[in-house]
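The values are calculated or read from the model by the stated rules, or taken from the named source; none is laboratory data. What you see is a predicted model, and the numbers here were worked out from it, not measured in a lab. Here the Cβ positions follow ideal geometry from the backbone for every residue, glycine too, while neighbour counts run over all protein chains shown. Just so you know, the surface numbers come from the protein's heavy atoms only, side chains and all, with ligands and any DNA or RNA stripped out. Shrake-Rupley method; radii C 1.70, N 1.55, O 1.52, S 1.80 Å.
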Amino acid sequence: MLIKDTNKEFPKDFLWGSASAAYQVEGAWDEDGKGRSVWDEFVRIPGKTFKATTGDKAVDHYHRFEEDVALMKEMGLKTYRFSIAWTRIFPNGKGEVNEEGIAFYDRLINELINNDITPMITVFHWDLPQALQDEYNGWESRKIVDDFVNYASMLFSRFGDRVKHWIILNEQNVFTSHGWLMGMHPPGKVQDMKMFYQVNHHAFMAHAKSVLALKALWPDALVGSSFAFGPAYAKSEKPEDAMAKMDYDDLQSYYWMDVYAYGRYPRAALAQLKSMNVAPHFEAGDEEILKLAAQNIDFMGVNYYQTTVAEYNPVDGVGMSNKVNTTGKKGTSEVQGMPGLYKNPKNEFLKTTDWDWTIDPEGLRFACRDITSRYDLPIVISENGLGAFDHLENGKVHDPYRIEYLKAHLIELKKAIDEGCRVLAYCTWSFTDLLSWLNGYQKRYGFVFVDREEDEESGTLNRIPKDSFYWYQYTIKTNGAEL
Ligand code: BG6
């Protein structure tokens with residue numbers, strides 16, 4: 001579309017935000033009654049993370065959250081999205097609540113509100129209690145649904161008086177594909193397609209029942225889950241590439257978003273899964289619950305980093321690879337695909353980051369437009385950002401590349417808004433530097449540099465605002481009018 005004469009500013013009340021996740025920032029991994037999560041164990045398996053980095057200390061947000069919130073206030077941030085560590089609330093995943101864990105998040109929430117920052121809570125950002133993994137294999141068992149809803153309901157009842165914005169699951173598509181197909185996240189399974197789809201069904205049920213539990217308690221709350229959306233462009237005008245894109249969309253994107261928004265799986269995807277004998281098992285009543293929850297979500301959460309290309313992939317073509325660039329050495333990722341359907345080659349028209357992620361600001365607009373056309377839901381951009389090598393020089397960090405990246409994405413986001421997309425919030429990833437799960441501390445995303453070594457627990461952990469911090473501060477102050 002070519003919309004003319006628009007207001008330069010973003011909508012009034014637009015939530016300019018930034019995001020993080022508990023395991024990636026908090027540290028204090030065994031303090032104040034916290035139990036162990038699957039990530040606390042997984043990072044200790046040799047070869048799983050870049051230079052064996054862990055979140056034991058992370059960037060010590062647990063002890064420095066007041067300093068971090070003061071910086072958010074200085075920046076003028078309107079919302080801060082963060083996740084709760086399930087094991088701080090229920091060290092064993094269920095049973096007795098750990099009041100010290102509740103108290104930590106009470107302090108954080110109150111500190112944010114006292115500084116005019118809207119808290120946005122992610123209920124689950126991957127750190128499942130190890131106790132539930134040990135007892136019944138975590139997400140693999142249907143038992144997880146009740147334990148999840150019990151945990152989520154505890155958060156709703158203890159924090160819902162002050163927190164209105166809730167994201168139930170972070171990137172269900174990523175933690176399940178990395179956990180059950182690629183072996184790169186806990187529990188480290190490879191190519192277990194049947195379990196992958198069953199685990200996803202359990203996660204959908206946990207999401208759906210949590211949405212309903214929240215609305216029963218706080219009807220005015222705003223809720224959704226965050227999907228890692230990598231929209232696809234067809235490689236060529238060949239009909240087989242158009243079909244490859246459609247297959248990719250149904251199996252890699254709509255498979256999740258349709259369930260959140262419509263409460264049902266895409267028909268073609270289910271037909272494909274049935275023919276492979278990997279379709280999920282439903283219990284009586286599941287369909288109705290998924291549908292009811294879909295009618296109750298308020299937005300589609302979107303974590304947007306990159307687009308992809310869909311090209312027809314012959315039956316003997318490439319499959320899923322776990323050769324992913326976790327070192328920052330360009331060109332070390334391999335093409336992924338599903339034999340007989342699609343593969344995702346490089347986009348020759350786009351530049352990439354040092355970790356081989358395509359840089360595509362227009363893709364963000366494309367993502368918003370696609371969601372708006374298909375679901376007509378408001379959108380929360382819950383993550384978007386650039387992972388890069390940053391350097392501290394004479395007490396300063398100059399990161400013009402990050403400013404350029406974010407600015408370009410915001411310009412496209414504003415076009416999407418002008419074209420009718422209802423975007424409620426934009427959260428960059430991330431506020432401070434933090435642990436990148438598989439890439440250690442050298443892949444930095446923050447507005448605030450944290451002085452810590454990339455692969456060992458040393459450094460002052462001092463906070464140093466980067467140039468991008470001041471750029472975002474000005475962007476917020478001018479409500480995006482001068483991008
Ligand atoms: C998303 C996650 O996948 O992208 C974040 O929700 C993550 O937790 C972010 O850190 C960036 O990914 P990565 O692999 O570069 O850390």
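So which of Glu453, Glu457, Glu404 is of a type outside the set (Ser, Thr, Tyr) and within 24 Å of the chain's Cα centre (by Cα)?
Details: Glu453 fails: within 24 Å of the chain's Cα centre (by Cα); Glu457 fails: within 24 Å of the chain's Cα centre (by Cα).
Exactly one residue qualifies, and that residue is Glu404.
Yes or no: Ile113 open to solvent by 40 Å² or more (accessible area, probe 1.4 Å) and of a type in the set (A, V, I, L, M, F, W, C)?
On the way: open to solvent by 40 Å² or more (accessible area, probe 1.4 Å): yes; of a type in the set (A, V, I, L, M, F, W, C): yes.
Considered against the rule, which asks whether it is open to solvent by 40 Å² or more (accessible area, probe 1.4 Å) and of a type in the set (A, V, I, L, M, F, W, C), Ile113 comes out as yes.
Taking the stated definitions as given, is Thr428 within 15 Å of the ligand (Cβ to nearest atom), of a type in the set (S, T, N, Q), out of contact with any Ser or Thr (no Cβ under 6 Å at 6 or more places or on another chain) and under 24 Å from Ile464 (Cα atoms)?
Here the answer is no, as Thr428 does not meet what is asked.
What number of residues in the range 125-153 are away from the ligand (no atom under 16 Å from the Cβ) and under 14 Å from Gly35 (Cβ atoms)? Even if it seems obvious, please write down each step before you answer.
Filtering the range 125-153 for residues away from the ligand (no atom under 16 Å from the Cβ) gives 129-153.
Filter once more, so that each one left must be under 14 Å from Gly35 (Cβ atoms): 129-135, 138, 147, 151.
The total comes to 10.
Let me spell it out: the conditions are (1) out of contact with any helix residue (DSSP H, G or I) (no Cβ under 9 Å at 6 or more places or on another chain); (2) open to solvent by 20 Å² or more (accessible area, probe 1.4 Å), and Asn170 meets all of them except one. Which number is the exception?
(2)
Could you tell me which of the residues Thr428, Thr475 is outside any loop (DSSP other than H, G, I, E, B), of a type in the set (Ser, Thr, Tyr) and surrounded by fewer than 24 Cβ atoms within 10 Å (Cβ to Cβ)?
Thr475
State all residues of the range 176-205 that are in a helix (DSSP H, G or I) and of a type in the set (A, V, I, L, M, F, W, C); if no residue qualifies, say none. Before you say what the answer is, go through the steps one by one.
Taking the range 176-205 as the starting set, the residues that turn out to be in a helix (DSSP H, G or I) are 176-180, 193-205.
Within the range 176-205, Trp180, Met193, Met195, Phe196, Val199, Ala203, Phe204, Met205 qualify.
Check Ala208 against each of (1) in a loop (DSSP other than H, G, I, E, B); (2) more than 16 Å from the ligand (Cβ to nearest atom); (3) crowded, with 24+ Cβ neighbours inside 10 Å and name the one condition it does not meet.
Result: Ala208 passes all but (1).
Just for the range 98-110: of the residues that are open to solvent by 30 Å² or more (accessible area, probe 1.4 Å) and more than 30 Å from Phe299 (Cα to Cα), which one is farthest from the ligand (Cβ to nearest atom)? Break it down into steps so the answer makes sense when it comes.
Pass one, the range 98-110, residues open to solvent by 30 Å² or more (accessible area, probe 1.4 Å): 99-100, 103, 106-107, 110.
Narrowing further to those that are more than 30 Å from Phe299 (Cα to Cα): 99-100.
Working: Glu99: 27, Glu100: 25 Å.
Out of the qualifying residues, it is Glu99.
Out of Asp376, Asp354, Asp370, Asp298, I need the residue that is within 16 Å of the ligand (Cβ to nearest atom), among the charged types (D, E, K, R) and at pLDDT 95 or above. Which one? First the steps, then the outcome.
Details: Asp376 fails: within 16 Å of the ligand (Cβ to nearest atom); Asp370 fails: within 16 Å of the ligand (Cβ to nearest atom); Asp298 fails: within 16 Å of the ligand (Cβ to nearest atom).
Going through Asp376, Asp354, Asp370, Asp298 in turn, the sole match is Asp354.
In the range 273-293, which residues are open to solvent by 50 Å² or more (accessible area, probe 1.4 Å) and without any contact (Cβ under 8 Å) to a residue 60 or more places away in the chain?
Of everything in the range 273-293, those that are open to solvent by 50 Å² or more (accessible area, probe 1.4 Å) and without any contact (Cβ under 8 Å) to a residue 60 or more places away in the chain turn out to be Lys274, Ser275, Ala284, Glu287, Glu288, Lys291.
Out of all the residues in the range 22-61, which are farther than 21 Å from Gln442 by Cα and either over 21 Å from the mean Cα position of the chain (by Cα) or part of a helix (DSSP H, G or I) (or both)?
Asp30, Glu31, Asp32, Gly33, Lys34, Gly35, Arg36, Val38, Glu41
Can you tell me which of Ala279, Ala293 is at pLDDT 95 or above and either within 16 Å of the ligand (Cβ to nearest atom) or assigned to a helix (DSSP H, G or I) (or both)?
Going through Ala279, Ala293 in turn, the sole match is Ala293.
Quick check on the range 363-371. Is at least one of its residues among the β-branched types (Val, Ile, Thr) and under 23 Å from Ser436 (Cα atoms)?
no
Within the range 431-453, count every residue that is away from the ligand (no atom under 15 Å from the Cβ), free of Cβ contacts under 8 Å to residues at least 60 places away in the same chain and open to solvent by less than 20 Å² (accessible area, probe 1.4 Å).
Selection size over the range 431-453: 1.
Pairs needed: first member in the range 44-55, touching a residue at least 40 places away in the same chain (Cβ under 8 Å); second member anywhere, open to solvent by less than 80 Å² (accessible area, probe 1.4 Å) and outside any loop (DSSP other than H, G, I, E, B); C-beta distance under 6 Å; at least 6 residues apart or different chains.
Lys48/Phe42; Phe50/Gly440; Lys51/Gly440; Thr53/Gly440; Gly55/Tyr23
Can you find even one residue in the range 221-238 that is touching a helix residue (DSSP H, G or I) at 6+ places or on another chain (Cβ under 7 Å), hydroxyl-bearing (Ser, Thr, Tyr), open to solvent by less than 30 Å² (accessible area, probe 1.4 Å) and part of a helix (DSSP H, G or I)?
No: the range 221-238 contains no residue that is touching a helix residue (DSSP H, G or I) at 6+ places or on another chain (Cβ under 7 Å), hydroxyl-bearing (Ser, Thr, Tyr), open to solvent by less than 30 Å² (accessible area, probe 1.4 Å) and part of a helix (DSSP H, G or I).
May I ask you to verify whether Tyr136 is aromatic (Phe, Trp, Tyr) and over 22 Å from Trp16 (Cα atoms)?
yes
Ala203 - would you say it is away from the ligand (no atom under 16 Å from the Cβ), in contact with a helix residue (DSSP H, G or I) (Cβ under 9 Å, 6 or more places away or on another chain) and touching a residue at least 24 places away in the same chain (Cβ under 8 Å)?
When the stated conditions are applied, Ala203 does not pass them.
From the residues in the range 305-322 that are crowded, with 16+ Cβ neighbours inside 10 Å and of a type in the set (Val, Ile, Thr), which one is nearest to Glu334 (Cα to Cα)? Walk me through it before giving the result.
Going residue by residue through the range 305-322, those that are crowded, with 16+ Cβ neighbours inside 10 Å are 305-313, 317-318, 320.
Subset that is of a type in the set (Val, Ile, Thr): 307-309, 318.
Numbers: Thr307: 16, Thr308: 13, Val309: 14, Val318: 10 Å.
Of everything passing the filter in the range 305-322, Val318 is nearest to Glu334 (Cα to Cα).
Kindly indicate whether Ile121 is closer than 21 Å to Leu424 by Cβ and within 16 Å of the ligand (Cβ to nearest atom). Even if it seems obvious, please write down each step before you answer.
Details: closer than 21 Å to Leu424 by Cβ: yes; within 16 Å of the ligand (Cβ to nearest atom): yes.
Here the answer is yes, as Ile121 does meet what is asked.
With the requirement that a residue be crowded, with 19+ Cβ neighbours inside 10 Å and either within 24 Å of Leu15 (Cα to Cα) or under 21 Å from the mean Cα position of the chain (by Cα) (or both), what does the range 389-401 give you?
Asp399, the sole residue that qualifies.
Picking from Lys78, Lys51, Lys57, Lys34, which residue would you name as being closer than 30 Å to Ile379 by Cβ and open to solvent by 10 Å² or more (accessible area, probe 1.4 Å)? If you could, list the steps in order and put the result at the bottom.
Details: Lys51 fails: closer than 30 Å to Ile379 by Cβ; Lys57 fails: closer than 30 Å to Ile379 by Cβ; Lys34 fails: closer than 30 Å to Ile379 by Cβ.
Being closer than 30 Å to Ile379 by Cβ and open to solvent by 10 Å² or more (accessible area, probe 1.4 Å) holds for just one of Lys78, Lys51, Lys57, Lys34, which is Lys78.
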